[in-house]
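Taking it in order: structure first as structure tokens, then the write-up.
The values are calculated or read from the model by the stated rules, or taken from the named source; none is laboratory data. Just so we're clear, the structure is a prediction, and the values are computed from it rather than from any experiment. Cβ atoms come from the backbone with ideal geometry, glycine included; neighbour counts cover every protein chain shown. Heads up: the accessible areas ignore ligands, DNA and RNA and are worked out on the full protein's heavy atoms, side chains in. Shrake-Rupley method; radii C 1.70, N 1.55, O 1.52, S 1.80 Å.
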There are 2 protein chains.
Amino acid sequence: MNTLPDIKNDFAQWYQEVVYKAELADQSPVRGCIVIRPYGCALWEIIRDYVDKRLKETGHHNAMFPLFIPESFLKKEAEHVQGFAPELAVVTHAGGKELEEPYVVRPTSETIIHYMFARWLKSWRDLPIKINQWANVVRWEMRPRPFLRTTEFFWQEGHTAHETMQEADEEARMILNEYVKLAHDYLAIPVIAGRKTDKEKFPGADYTLTFEAVMQDGKALQMGTSHMISQSFARAFNMVFQDRNGQQAHPFLTSWAVTTRLIGAVVMTHGDQKGLVLPPKVAPFQIIIIPIYRAGHDQQELRAAVAKIKESLAAFRVFVDDGDHTTPGAKFYHWELKGAPLRLEIGPRDLAQGQVILADRIGSEKRQVALGSVAEVVGQTLDVIQKTMFERAQERLRSHWHKAEKLSDFGPRLDEHNGIYQTGWCGNPACEQELKKFKATTRCLIDEKTSAVCFYCTNASKGDVLVAKAY
Amino acid sequence: MNTLPDIKNDFAQWYQEVVYKAELADQSPVRGCIVIRPYGCALWEIIRDYVDKRLKETGHHNAMFPLFIPESFLKKEAEHVQGFAPELAVVTHAGGKELEEPYVVRPTSETIIHYMFARWLKSWRDLPIKINQWANVVRWEMRPRPFLRTTEFFWQEGHTAHETMQEADEEARMILNEYVKLAHDYLAIPVIAGRKTDKEKFPGADYTLTFEAVMQDGKALQMGTSHMISQSFARAFNMVFQDRNGQQAHPFLTSWAVTTRLIGAVVMTHGDQKGLVLPPKVAPFQIIIIPIYRAGHDQQELRAAVAKIKESLAAFRVFVDDGDHTTPGAKFYHWELKGAPLRLEIGPRDLAQGQVILADRIGSEKRQVALGSVAEVVGQTLDVIQKTMFERAQERLRSHWHKAEKLSDFGPRLDEHNGIYQTGWCGNPACEQELKKFKATTRCLIDEKTSAVCFYCTNASKGDVLVAKAY
């Protein structure tokens, strides 16, 4: 029996093992890269399909840009190259020759996409341009962790260009809002939305919006970001258009992304000692049906009943675990490890009584359900599970969210991994820098002001900031 | 007005320009790479979704493997590395350092996937393994052409492992069959299925199945391939399992792929002097509705009528071209260039008469359709267009398919780009090599025998082979 490391005392090891044992991913022979196995891939496809649908509904179009970026492109925006240079993978040889100009494997695609925008954009009538790309990107990772930090990862990256700053600002906020809905309604992960400090923002952006969650060990996880890039890249790439007054103008840009890291967030938010616990909306299989054959009973009859139940559950993602070389007990264990929200067990005696046994993954009592009402009960129960998972995570977020005045007080407590601290800040980067001593960072600025002074110096606070250790 | 180069006399130039002007793709600043624009991306997503669904229905699971492959992996299978070495892009530096072992950017993923299969496979109970990956791959191209040959391209690559040779053989054939159905039923492209000669097969495979089409200029296009890899890679990667008799055995492998090249095939098969002609099943927009506003008439009324028509067409992919800064004529031209199968025009007079004007992209007469029956007529007409396009392409394939005895006869005719030649072959690679003088290759071996002797030597033919110049 595979038992997982203690989730309370050894969360990091628990995380790593559950990811591999539940077959979401596997280690690969390529440094810092994982293989996303079918179960993890199915989970990602469900998230992707939802996000893709929402992006299309909000007027974005998918496109595909080259994997390679000429090295010189990255250098056009000074902050940008500085931010990414240490993480780049570089192709120096190709087609049997050394290249005249090396190509970097995209760490993000602003530069190449903005080059193309500059080519396409002529008049204000061409605006807005709202592009999304589903792609792999590469950032060399010194301390990889499956899904959370891998050298290659998968994401959607949105890139838009707008006539006015207000429109770009609205876009960046609208997308953040979509992301928060994704986290709340789909992933059942409560998040805090806010704005990054200048130190933590995207290299080259005016400002970066973020949504942050707190994992079971009290560490924060940045779930995704939406950047108001404004005109910096537009100037760097000479992106101009004729405005409504016939003048040449630079458009206002945004970019935003969520990545396969979301899978890690789901694992770390909901998992327990038995393994994954997947929210029904993203679970590759929402319901596992396990027929329990007994010697001396008609297998065919049971098989037919199971087929009929499955048919009645056509609206859900269902898997019948009908293999004959493992015991029902081993199957229960297996699907608990894999986090399937619901399990239906049915043996000859249940069938004779016209019922199935319903077990959920969030610890409710097993119960009997009449065959005729399985579909209805399953639908309701999945809704309850989704809701309960969100509420429990919300409860945990509350218990991890502290208010504090001074770093000297909460700094040492940051070391016990017990959550995020809301505090006041004067806005001075030098004070922010002090957090480094506790291996913590600002996660985001939020629209509240509960402290009168800065967490470090004696100056007045300009507003609240959240501070935590983070993944 | 953008006019396209003459499709009859300058097909290569026509192709290039129609791809860019219809906004399927654009040139990029990265050598040999294109940008796939939203219209091309939408077309690819429709193809992808269909293929993905069929692959899942036939028991395959998606997974994601690393983009990078350690250079040493490619060298494990001798034929394989020889086949791909000249086309590789190599990452030599990453994270600010020179790598100890360079990584190649995957030109195909057999080696890394087989390494993982070897890790996962223990018993015959683990078989079959049926994996598919949607990915970008890189093969350095000296003479790139959009979609047909690009340095980076997109594909699905299937990789399977089986207990017996027969099972692997059935898999390779089943997939070829699926590909042929995709070509016929979706892309409206008639194809010839056959087997590659040893010279043309996939490096490392036992044999390669292919499906080939003939473009309007008479050149052949390989549309995709399905490889019976057998045990060569299994041995190279030490992939063993305990068989039903408790013995260690190597599994039998297959791999198979279709790529974004299919988009090129659709363009080159169906396009005409006015631009693209897209089969309804893959057209991003099957129907374009163009309201024709006239001065002195109620715009609101017309707008409402158009909205109602659109609503009645919810089962189709519809775009209402309602922009007010181009004329209806320019819109007709634009959507002809983009190959939309059907166009509905409606002006105040049509509205008063309770009708719309229906125009198709395959040259039928315009006709009037009563408002109440638009949905029904549109559905039927799209079916007719799909069918007609396939039949026309089939007619063209027939006219391009010749039987011939001797290379001395048909060799010079190959130079006029007038199609494929079915001929006899003794099986000797030396005779096959003679085709090079005419810049032609064998496309595939087919299950017919219409010639008694080889096209080159005087030995008996072992069966028919198709010969053509190819993309």
Practice problem: Could you tell me whether A:THR442 is open to solvent by 30 Å² or more (accessible area, probe 1.4 Å) and either in a helix (DSSP H, G or I) or polar (S, T, N, Q) (or both)? | Solution: no
Exercise. Can you give me the number of residues within the range B:118-146 that are of a type outside the set (S, T, N, Q), within 13 Å of another protein chain (Cβ to nearest Cβ), in contact (Cβ under 8 Å) with a residue 24 or more places away in the chain and not in a loop (DSSP other than H, G, I, E, B)?
Key: 10
Practice problem: Kindly list the number of the only condition in (1) within 7 Å of chain B (Cβ to nearest Cβ); (2) farther than 30 Å from B:PRO146 by Cβ; (3) under 21 Å from the mean Cα position of the chain (by Cα); (4) not basic (Lys, Arg) that fails for A:ASN62. | Solution: (2)
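Run down A:ARG106, A:ARG149 and say which single residue is more than 9 Å from every other protein chain (Cβ to nearest Cβ) and buried (at least 24 other Cβ atoms within 10 Å of the Cβ).
Values: A:ARG149 fails: buried (at least 24 other Cβ atoms within 10 Å of the Cβ).
Going through A:ARG106, A:ARG149 in turn, just one is more than 9 Å from every other protein chain (Cβ to nearest Cβ) and buried (at least 24 other Cβ atoms within 10 Å of the Cβ): A:ARG106.
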Exercise. Go through (1) surrounded by 18 or more Cβ atoms within 10 Å (Cβ to Cβ); (2) at pLDDT below 95; (3) under 18 Å from A:GLN216 (Cβ atoms) and name the single condition A:ASN9 misses.
Key: (1)
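Check every one of the helices (runs of 4 or more DSSP H) wholly within the range A:319-424 and list those with 1 or more residues that are under 27 Å from the mean Cα position of the chain (by Cα) and surrounded by 18 or more Cβ atoms within 10 Å (Cβ to Cβ).
Working: elements: A:328-337, A:348-352, A:374-400, A:407-414.
Result: A:328-337, A:374-400, A:407-414.
Go through the residues of the range B:42-60 one by one and say whether even a single one is open to solvent by less than 20 Å² (accessible area, probe 1.4 Å) and either among the basic types (Lys, Arg) or in contact with a Lys or Arg (Cβ under 7 Å, 6 or more places away or on another chain) (or both).
Checked against the condition, which is being open to solvent by less than 20 Å² (accessible area, probe 1.4 Å) and either among the basic types (Lys, Arg) or in contact with a Lys or Arg (Cβ under 7 Å, 6 or more places away or on another chain) (or both), the range B:42-60 yields at least one hit.
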Exercise. Return a yes/no flag: does the range A:172-184 have any residue that is crowded, with 18+ Cβ neighbours inside 10 Å, in a strand (DSSP E or B) and at pLDDT 95 or above.
Key: no
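Give the residue, chosen from B:ALA85, B:ALA89, that is among the small types (Gly, Ala, Ser), facing chain A (nearest Cβ under 9 Å) and open to solvent by less than 20 Å² (accessible area, probe 1.4 Å). Show your work before the answer.
Numbers: B:ALA85 fails: open to solvent by less than 20 Å² (accessible area, probe 1.4 Å).
It is B:ALA89.
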Practice problem: Return a yes/no flag: does the range A:28-41 have any residue that is exposed (fewer than 15 other Cβ atoms within 10 Å of the Cβ) and either modelled with pLDDT of 95 or more or closer than 22 Å to A:TYR471 by Cβ (or both). | Solution: no
Quiz item: Condition test on B:ILE112, is it in a helix (DSSP H, G or I), at the interface with chain A (Cβ under 9 Å from one of its Cβ atoms) and closer than 23 Å to B:TRP256 by Cβ?
Solution: yes
Practice problem: Could you grab me the full set of residues in the range A:61-77 that are open to solvent by 40 Å² or more (accessible area, probe 1.4 Å) and touching a strand residue (DSSP E or B) at 6+ places or on another chain (Cβ under 7 Å)? | Solution: A:HIS61, A:GLU71, A:SER72
Quiz item: Would you pick out the residues in the range B:144-166 that are touching a strand residue (DSSP E or B) at 6+ places or on another chain (Cβ under 7 Å) and of a type in the set (D, E, K, R)?
Solution: B:GLU152, B:GLU157
